[in-house]
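K.L.:
This structure is in structure tokens; I'll ask about it shortly.
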Amino acid sequence: MPQPIFSRRVMLLAAGTAIGASAVGWDLFAPDLSATAAGTYLRPCGSVPISSSWQGHKNRNPPSGEPGTDYAVITGTQIQAAANGVIVDRKDSTTTATGRYLALRTDDGNYIRYLHLQSSTVPLGARVTRGQVIAYSGASGFGSETGYGPHVHVSLWIGGTPLQLGFTNSVDFENYVEGGPYQPPPEDPVPLHKSTKYTWNVVIPHNSWMRIPVAPGSIWLAESSAAVKETGDLTIYLSATGVTKGFQVRVLAQSLNSSGAVVSTSAQPVLEIPATSATTAGSATFGEYSLPYFLSGPLRLYAQIRALNAGIKVHQVLVKKNYWQS
Ligand SMILES: [Zn+2]
């Protein structure tokens, strides 16, 4: 499972003083909870998708009798103990909604159940260590090996047994796992978009590079500074006539010093746009050059064109870019 970027735990840590029992709702059940629980438990099968969350179990109609987190794994997958502790309950028949299960009383005073097992590998009363293989996953339940689709259901109670606290009063195991609860990475925000189109009508010099204006009087495709980074992709569309051999397009990156003077220039790969049979008949050749980019620090980009035969005239220049500034 990828490290969450903005996990609830990280947000709580960032909030600083908000950390504590009330921040994650433990106080109802666990006045004496050991502080080591949050962020230390091991997921049962490592980095696997979650097929149903604790909240998903709560939201069912009717809600699950034992809300937990479902980890999607094939039958026979090793299940590792979340923490050091003792096996305090074990059921080896497929009956009822739980199917086979194991219960682990962790040394920090909490209680975890692993449901729908194919088999358990540790006896009742066994002392287990965090990461030890204690069972194999299955789909058992309702008297069948296939009462469900294959998965591991993990339920967690804080500071007591399910009989003491109530089976429906489990908490979200994902809030207590190492690395914090899984959350998909945030989507990129909607990019900014810029598009300029104009008629250039310039004859390109044969065999020497010439700057392509983005718009009349403007050549910069993208710029960044010490304060503002820019990520994006840009595409330059050109239409030209007189192309009997071809023309080339490239983008250059200028690096500037603090007073704005150019200290270095690096050329990006050259794209060659060859003549086509249509262009030799006198109609336009279209060229398209695309570049994804990330600019950080005082930098700016501009484009150049070079004709591979004499008499090439560029009629229209269209530049489009999608970009994010940060
Ligand atoms: Zn479940």
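K.L.:
Using Cβ counts within 10 Å as a stand-in for footprinting exposure, how do Leu117, Leu308 rank, fewest first?
P.N.:
Ascending Cβ contact count within 10 Å gives the list Leu308, Leu117.
K.L.:
Local charge sum around Tyr293 (other residues, Cβ-Cβ under 10 Å, Lys/Arg +1, Asp/Glu -1)?
P.N.:
In short, -1.
K.L.:
If you don't mind, there's one more thing I want to ask. Which order do the peptides 88-95, 261-268 take when ranked by the mean count of other beta-carbon atoms within 10 Å per residue, highest first?
P.N.:
Working: 88-95: 15.6, 261-268: 10.8.
In decreasing order of mean packing, 88-95, 261-268 become 88-95, 261-268.
K.L.:
Also, quick follow-up: Count of lysine pairs in segment 192-325 with Cα atoms under 18 Å apart, counting only pairs 8 or more residues apart in sequence or on different chains?
P.N.:
8
K.L.:
From the C-alpha gyration tensor of segment 78-230, pull out the three semi-axes of the equivalent ellipsoid (sqrt of 5λ each), sorted largest to smallest, in whole Å.
P.N.:
63, 19, 15
K.L.:
Please report the net charge: other residues with Cβ closer than 13 Å to the Cβ of Val270, K and R +1, D and E -1.
P.N.:
Net of charged neighbours comes to +1.
K.L.:
Mind sorting Thr106, Thr121, Thr199 by how few other Cβ atoms lie within 10 Å of their own Cβ, fewest first?
P.N.:
Ordered from fewest to most neighbouring Cβ atoms within 10 Å, Thr106, Thr121, Thr199 come out as Thr199, Thr121, Thr106.
Where a number appears in this text, it was derived from the coordinates with a stated rule and is not lab data. Remember, it's a predicted structure, so these values are computed and weren't measured experimentally. When we count neighbours, we look across all protein chains shown, and the Cβ atoms used for this are built from the backbone with ideal geometry, even at glycine.
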